[in-house]
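The values are calculated or read from the model by the stated rules, or taken from the named source; none is laboratory data. Keep in mind it's a predicted model, so treat the numbers as computed, not measured. Cβ atoms come from the backbone with ideal geometry, glycine included; neighbour counts cover every protein chain shown.
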Amino acid sequence: MNLDLNFYVKQIPNFLDKKTCNEIIKQLQSCKWEDHEFYNSIQRVKRKLSGEQELEVTGELIPSYDFIMKSLWDQIKNYIDSFNFNWFTSWNGYTNLRFNRYKKNRKMAEHCDHIQSMFDGERKGIPILSVLCILNDNYSGGDFIMFKDKVIKLKQGDLLIFPSNFLFPHKVEPVTKGTRYSFISWVW
């Protein structure tokens with residue numbers, strides 16, 4: 001087993017082609033967006049860790065939704081199979097997509113994806129993997145940072161998969177020009 005945490009952060013280039021990414025962004029223009037909030041399960045409160053700089057999110061279904069969901073399945077399976085761990089061979093599913101929009105000066109505070117609130121109903125537990133796709137790269141700033149200082153350069157259509165636990169803290173720096181679009185799903 002590889003003890004280097006970077007080994008478990010996998011970038012899949014060109015998961016989606018530019019035409020598909022641009023079409024998704026076009027479809028997102030008519031969605032209703034709201035400021036993202038982090039849920040504290042102990043205090044049972046939601047709050048914006050980045051204050052007025054918090055990114056915007058939507059979970060609305062768009063015409064490309066089913067295509068994206070079907071495409072993700074193979075990538076998640078390939079990620080898990082690539083390690084050839086006899087103790088980690090299965091997963092139960094993955095969440096609906098959440099789309100993220102970062103306008104100028106918007107960001108996401110450092111956190112880990114130890115999200116209990118989406119797994120306290122019919123699904124129980126916490127996510128085991130985070131699956132992120134960047135939909136454009138025609139913006140400035142908005143760097144994806146992992147482990148305090150590791151910048152992960154993502155190009156339009158790239159997919160990033162990593163474990164959703166406390167060992168993988170990450171954040172998105174403020175966008176300085178343009179608008180950054182991405183989506184995320186969590187595997188359980």
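The residue that is farthest from ILE68 (Cα to Cα), counting only those in region 1-48 that are of a type in the set (A, V, I, L, M, F, W, C) and part of a strand (DSSP E or B), is VAL45. Of the residues making up region 117-127, those that are modelled with pLDDT under 70 and touching a Ser or Thr at 6+ places or on another chain (Cβ under 7 Å) number 2. Answer yes if at least one residue in region 29-48 is without any contact (Cβ under 8 Å) to a residue 40 or more places away in the chain, touching a Cys at 6+ places or on another chain (Cβ under 8 Å) and under 27 Å from LYS104 (Cβ atoms), and no otherwise. There is no residue in region 29-48 that is without any contact (Cβ under 8 Å) to a residue 40 or more places away in the chain, touching a Cys at 6+ places or on another chain (Cβ under 8 Å) and under 27 Å from LYS104 (Cβ atoms). Restricting THR58, THR89 to residues that are in contact with a helix residue (DSSP H, G or I) (Cβ under 8 Å, 6 or more places away or on another chain) and modelled with pLDDT under 95 narrows the list to THR89.
When you scan region 54-71, how many residues do you find that are assigned to a loop (DSSP other than H, G, I, E, B), in contact (Cβ under 8 Å) with a residue 40 or more places away in the chain and buried (at least 16 other Cβ atoms within 10 Å of the Cβ)?
2
Set side by side, the residues ILE115, ILE134, ILE145 differ, and just one is closer than 23 Å to LYS48 by Cα, of a type outside the set (Gly, Ala, Ser), without any contact (Cβ under 8 Å) to a residue 40 or more places away in the chain and touching a strand residue (DSSP E or B) at 6+ places or on another chain (Cβ under 7 Å), which is ILE145. Only one of the listed residues (TRP33, TRP91) is surrounded by 13 or more Cβ atoms within 10 Å (Cβ to Cβ) and either within 16 Å of SER164 (Cα to Cα) or among the small types (Gly, Ala, Ser) (or both). That residue is TRP91. Of all residue pairs spaced 6 or more apart or on separate chains, those with beta-carbon atoms under 7 Å, a first member in region 163-184 that is on the phi > 0 side of the Ramachandran plot and a second member that is surrounded by fewer than 15 Cβ atoms within 10 Å (Cβ to Cβ) and in a loop (DSSP other than H, G, I, E, B) are GLY178/ASN138. Taken across region 165-174, residues that are modelled with pLDDT of 95 or more and more than 22 Å from LEU55 (Cα to Cα) do occur, with at least one present.
What about GLU110, is it in contact (Cβ under 8 Å) with a residue 24 or more places away in the chain, acidic (Asp, Glu), outside any loop (DSSP other than H, G, I, E, B) and under 28 Å from PHE147 (Cβ atoms)? Yes.
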